[in-house]
Amino acid sequence: MSKPRFYLTTAIAYPNGRPHMGHAYEAIASDVIARFKRLDGHEVRFLTGTDEHGLKIDQAARAAGMAPKDYVDQMVAPFRSLDEQLGISFDRFIRTTDADHKALVQALWQRMAANGDLYLGRYEGWYSVRDEAYYDAAELIEAQDAAGATVKLSPQGTPVEWTVEESWFFRLSAYQERLLALFDGQPDFIQPQSRFNEMRAFVAGGLTDLSVSRTSFDWGIPVPGDERHVMYVWLDALANYLTGADGSGRGGLDGEWWPADLHIVGKDVVRFHTVYWPAFLISAGLSLPKTVFGHGFLLNRGEKMSKTLGNVVDPAEMATRFGVDRLRWFLCREVAFGDDGSYSDEAIVERTNADLANGIGNLAQRSLSMVAKNLGGVMPTRAGAPGETEVRLKEAFLAGSEAYFGAMNGLALHKALDALMGMVAAANGYFAENAPWALAKTDVTRMAEVLAATLDATRRIVILAQPFMPASTAQLLDQLGVAEDAREFSGFNTAVDAGVQLPPPAGVFPRITLEG
Ligand code: MSP
């Protein structure tokens, strides 16, 4: 039987600066889901990449005194290498300057034009280069600039400028009813619920036609048949998900992975993904992604990361300092997926020492070193008839793994880790209660049974922890004697055979201190 397919994507980052913790967070959370789905028996395609056209990149390239293509070629490298460092298991790193993407976007445009949804007009209104977004006057907020003058800002707090130019428009106003029908008919389309409510209210408030081309600069994909215009960068960028759906790299609109199962994006770009994107797709006669999940923002000690505040940290440096798996664990455990969350060095040290050094690491280390010391490292035989403590452990694990899978399938990554830590507590409790170190002197057969049950509980925990900490769980599964082809969830109930010789144990999660 062929495996069910699952296609997921991250937002594609603007490479007009260095990657920050927000990028790392989105990549890690998405990677956790991709790995979960693979272990859960899906054939997965995972797309990530960079968003390289538009005015913002054009201006950044100018400021750097470079041609835009040379500029992005140089700026993309740290994004890709960060993904590689963080163990992001993408199948393609797409760049919107890739040739197949350009061909696809032009084909998409032609389909929307053929449907009668594009017309030439004149745009007069507000534009934020930072957000690459048009705003209605009513959406703007007023603020004081450094000199005390009143200025208009976008709802995101970014500067806006009055823009007047000839432009192609997309008939977004014609899509209000269809979008509301989509939202109401498919309430899972936008998650979590708070973002659904916000977007539904936005669409219910009425939609105006969207300017989808520019003439005042040329760093973009030319409009087919009207090459004075380049396409609006969001039309170009959103279409990356279609380009990436074609595994052959032909750039056809009929990519075999389309429609996407899941777009993971930050809360600031949910509007583009849940209003503009489905409207473009309906116009082109294409099917719609199943879910858009808007995650929250990551803050540095509760504050927005910004160059002005001087609190932008380099995620590559953080990953090197704490270890990739500690960073991955911390971000998924500490931040409720969907909400904003905060990080600090202290919180990372505290959280990972508690969960990984004292929790999972201690459990593995204590049982494995007892097996090495007392049983020559040979996997012991399990209890014939389980006693009362084994029954309780089994019940805790049944409930825990059910909670884990429920949470993962509902994209509540933090809740899955809560459930996993509940299983760690149950296993550590079982070990302490049965005190195998005392049994070593009085009843070696019973000691061996307790160690076998503890190792099996540890194996289950580590199997479920794999999406979050791919490298350290692989080391632990080696130590636990779990064959490489027995690490998927389908093997969850298959214990390691008694008699298997285990390698010498070595600590995987040493305690760390702030000083490093
Ligand atoms: N290029 C657009 C996305 C186009 S998708 C077709 C963009 N780029 S971005 O570089 O500004 O942001 C990339 C992703 O990172 C977005 O999903 C954004 O929400 C997310 N984040 C940016 N700052 C963030 C935090 N501080 N915290 C968490 N995620 C953040 O938007």
Discussion item. Considering only protein heavy atoms and a probe of 1.4 Å, how much of the accessible area of the range 345-491 is carbon and sulfur, as a whole percent?
Written reply: 55
Item to complete: Using every pair of alpha-carbon atoms in the range 5-47, split the distances into 5 Å bins beginning at 0 and state the percent of pairs per bin, rounded to integers.
Response: 6, 22, 27, 18, 13, 8, 4, 1
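When all alpha-carbon pairs of the range 345-491 are counted, what percent fall beyond 23 Å? Working shown, then result.
Values: 3761 of 10731 pairs.
In whole percent, the share of Cα-Cα pairs in the range 345-491 beyond 23 Å is 35.
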Discussion item. Among VAL76, GLY87, ALA107, whose Cα projects farthest towards the positive end of the dipole of the range 64-111, with charges put on the beta-carbon of Lys, Arg (+1) and Asp, Glu (-1)?
Written reply: ALA107
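Take the Cα radius of gyration of the range 30-187 and divide it by 2.2 N^0.38 Å, with N its residue count; two decimals is plenty. Don't skip to the end; give the middle numbers.
Details: Rg = 20.1 Å, N = 158, 2.2 N^0.38 = 15.1 Å.
Relative to the 2.2 N^0.38 Å estimate, the range 30-187 comes out at 1.34.
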Discussion item. Skipping prolines and chain starts, which residues have an amide H placed within reach, meaning under 5 Å, of the one on GLU52, given they are 5 or more residues away or on another chain?
Written reply: THR96, THR97
Response to the item:
Measuring from its Cα centre, the chain shows a charge dipole (+1 at each Lys and Arg Cβ, -1 at each Asp and Glu Cβ) which, in debye to the nearest 20, is 960
Discussion item. What does DSSP give for the range 182-299 in terms of the percent of beta bridges that are antiparallel, rounded to the nearest 5?
Written reply: 35
Worksheet entry | Helix 470-479 vs. the chain, principal-axis angle (Cα, 0 to 90°, nearest 10) | 20
Worksheet entry | Fraction of accessible area attributable to carbon and sulfur, the range 1-89 (%, probe 1.4 Å) | 52
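Report Rg(Cα)/(2.2 N^0.38 Å) for the chain, keeping two decimals.
It is 1.11.
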Discussion item. Placing +1 on the Cβ of each Lys and Arg and -1 on the Cβ of each Asp and Glu in the chain, which of GLY341, ALA483, LEU417 has its Cα farthest towards the positive end of the resulting dipole?
Written reply: ALA483
Discussion item. Residue by residue through the range 261-275, what is 3J(HN,Hα) from phi via Karplus (6.51 cos²θ - 1.76 cosθ + 1.60, θ = phi - 60°)? Round to whole Hz and write x for glycine and proline.
Written reply: 7, 8, 9, 9, 9, x, 4, 6, 10, 5, 4, 4, 7, 10, 10
Worksheet item: Mind listing the Cα extents of the range 417-516 along all three principal axes, in Å, largest one first?
Response: 40, 38, 28
Worksheet item: If you take the Cα atoms of the range 161-260, find Rg, then find the Kirkwood Rh from the mean of 1/r over all pairs, what is Rg/Rh?
Response: 1.03
Worksheet item: Taking only the alpha-carbon positions of the range 17-96 and ignoring solvent, what does the Debye formula give for the base-10 log of I(q)/I(0) at q = 0.11, 0.16, 0.21 Å⁻¹?
Response: -0.35, -0.65, -0.94
Worksheet, complete the sentence: Between SER342 and residues 5 or more places away or on another chain, the pairs with built amide H atoms under 5 Å apart involve LEU299
Discussion item. Given a 1.4 angstrom probe, what's the average accessible area per residue across the chain, in square angstrom?
Written reply: 41
Worksheet item: How compact and how long is the range 5-295, expressed as Rg and Dmax of its alpha-carbon atoms in Å?
Response: 18.5, 59
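The values are calculated or read from the model by the stated rules, or taken from the named source; none is laboratory data. What you see is a predicted model; the values in this text were computed from it and never measured. Don't worry about glycine lacking a Cβ; one is built from the backbone with ideal geometry, like all the others, and counts go over all protein chains shown. The accessibility values were calculated without ligands, DNA or RNA, using every heavy atom of the protein model including side chains. Shrake-Rupley method; radii C 1.70, N 1.55, O 1.52, S 1.80 Å.
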